[in-house]
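Q: One structure, pasted below without further comment.
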Amino acid sequence: MRRPLVVGNWKMHGTQASARALVNAVLAGISGVSADVGMCPPFALIPVVADLVGPRVWVGGQDLHEQEAGAFTGETSGVLLKDLGCRCVIVGHSERRTLYGDTDTRVAEKFRRAQACGLTPILCVGETLSEREAGSTEGVIARQLDAVVDCSGIGAFADAIVAYEPVWAIGTGRNASARQAQLVHGFIRGRLARRDAGIADRLRILYGGSVKAANAGELFAEPDIDGGLIGGASLKADEFLAICGAVRAWTS
């Protein structure tokens with residue numbers, strides 16, 4: 001069985017003081033959690049978080065540049081993320097795609113750069129409301145996945161995580177029903193299984209889209225939902241811990 005993973009994406013929130021308080025509160029409450037737990041703070045807070053957490057908690061970046069280094073003012077390299085103690089990095093988050101114009105090709109290049117730097121990429125895929133209403137959900141996600149497979153090969157997914165985040169459910173208070181989410185998660189696994197069934201079966205696929213303690217248990221009970229990529233709820237220790245505690249029991 002795939003070990004569950006719950007990752008908090010803090011987005012552009014937090015100060016050094018609030019980061020320390022949040023991390024300490026989470027650390028105090030995760031002893032009984034059966035999931036792996038991760039935190040992706042803003043770049044400037046990564047050293048603060050990395051200094052506090054031990055191996056029990058993953059630290060991750062929210063984005064990286066597709067080049068190793070260079071004249072890219074304001075960007076972040078995977079080499080630096082790794083050096084600061086990151087284990088993973090989000091690539092292709094819907095906000096990067098919609099607000100900053102990250103194309104499927106660029107996301108695929110970022111995915112490849114993350115792995116080249118020794119980081120586990122958390123590849124975000126998902127459709128907008130208009131795409132869902134047009135019946136294009138599977139086509140959009142297939143395109144996003146195929147861009148990465150074409151760039152890095154199916155073998156790259158042996159050390160990667162996928163997060164399904166319906167764009168229409170991020171920060172809106174709306175979320176896909178457990179059934180809707182499972183259908184897409186199943187599609188993702190099936191799409192990759194065409195290339196390599198073993199890799200697809202072992203791949204952790206997270207759900208991201210207004211996950212709360214109140215709906216986490218129902219979502220995580222679905223067979224292809226292996227945890228969550230949590231936004232706003234990850235900024236509240238009690239809520240985040242409740243979500244982490246909602247994962248189904250895991251046995252090796």
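The values are calculated or read from the model by the stated rules, or taken from the named source; none is laboratory data. If you're wondering where the values come from, they're calculated on a predicted model, not measured in any experiment. Cβ placement follows ideal geometry from the backbone for every residue including glycine, while neighbour counts extend to all protein chains displayed.
Q: So, in region 38-64, exactly how many residues are more than 23 Å from Ala108 (Cβ to Cβ), assigned to a strand (DSSP E or B) and out of contact with any Pro (no Cβ under 9 Å at 6 or more places or on another chain)? Break it down stepwise before answering.
A: Keep residues of region 38-64 that are more than 23 Å from Ala108 (Cβ to Cβ), which gives 39, 41-42, 44-57, 59.
From the residues that got through so far, the ones that are assigned to a strand (DSSP E or B) too are 39, 57, 59.
Adding the requirement that they be out of contact with any Pro (no Cβ under 9 Å at 6 or more places or on another chain) leaves 39, 57.
Number of matching residues: 2.
Q: Kindly provide the set of residues from region 14-37 that are in a loop (DSSP other than H, G, I, E, B) and either at pLDDT below 95 or of a type in the set (Lys, Arg) (or both), ordered by number.
A: The answer is Ile30, Ser31, Gly32, Val33, Ser34, Ala35.
Q: Given the structure, is Ala114 closer than 15 Å to Gly61 by Cβ, in contact with a helix residue (DSSP H, G or I) (Cβ under 7 Å, 6 or more places away or on another chain) and of a type in the set (A, V, I, L, M)? Show your work before the answer.
A: Details: closer than 15 Å to Gly61 by Cβ: yes; in contact with a helix residue (DSSP H, G or I) (Cβ under 7 Å, 6 or more places away or on another chain): yes; of a type in the set (A, V, I, L, M): yes.
So Ala114 fits the description; yes.
Q: Within region 65-110, can you find the residues that are under 25 Å from Gly139 (Cα atoms), in a helix (DSSP H, G or I) and in contact with a Leu (Cβ under 8 Å, 6 or more places away or on another chain)?
A: Val107, Lys110 - these are the residues of region 65-110 that are under 25 Å from Gly139 (Cα atoms), in a helix (DSSP H, G or I) and in contact with a Leu (Cβ under 8 Å, 6 or more places away or on another chain).
Q: Looking at Ala216 and the list (1) in contact (Cβ under 8 Å) with a residue 40 or more places away in the chain; (2) assigned to a helix (DSSP H, G or I), which single condition is not satisfied?
A: Answer for Ala216: the failing condition is (1).
Q: Taking the stated definitions as given, is Arg202 buried (at least 17 other Cβ atoms within 10 Å of the Cβ) and basic (Lys, Arg)? It would help to see each step written out before you state the result.
A: Values: buried (at least 17 other Cβ atoms within 10 Å of the Cβ): no; basic (Lys, Arg): yes.
So Arg202 fails the test.
Q: Is it the case, given these coordinates, that Gly118 is out of contact with any strand residue (DSSP E or B) (no Cβ under 9 Å at 6 or more places or on another chain) and not in a helix (DSSP H, G or I)?
A: Working: out of contact with any strand residue (DSSP E or B) (no Cβ under 9 Å at 6 or more places or on another chain): yes; not in a helix (DSSP H, G or I): yes.
Yes; evaluated as a whole, the condition is true for this residue.
Q: On to the next question. Pairs please, first residue from region 86-106 and on the phi > 0 side of the Ramachandran plot, second anywhere and modelled with pLDDT of 95 or more and crowded, with 18+ Cβ neighbours inside 10 Å, Cβ atoms under 6 Å, 6+ apart in sequence or on different chains.
A: Close Cβ pairs satisfying both conditions: Gly92/Val107; Gly92/Leu123; Gly92/Cys124.
Q: Restricting to region 51-98, name every residue that is farther than 20 Å from Cys151 by Cβ, crowded, with 20+ Cβ neighbours inside 10 Å and in contact with a Phe, Trp or Tyr (Cβ under 9 Å, 6 or more places away or on another chain).
A: Across region 51-98, the qualifying residues are Gln62, Cys86.
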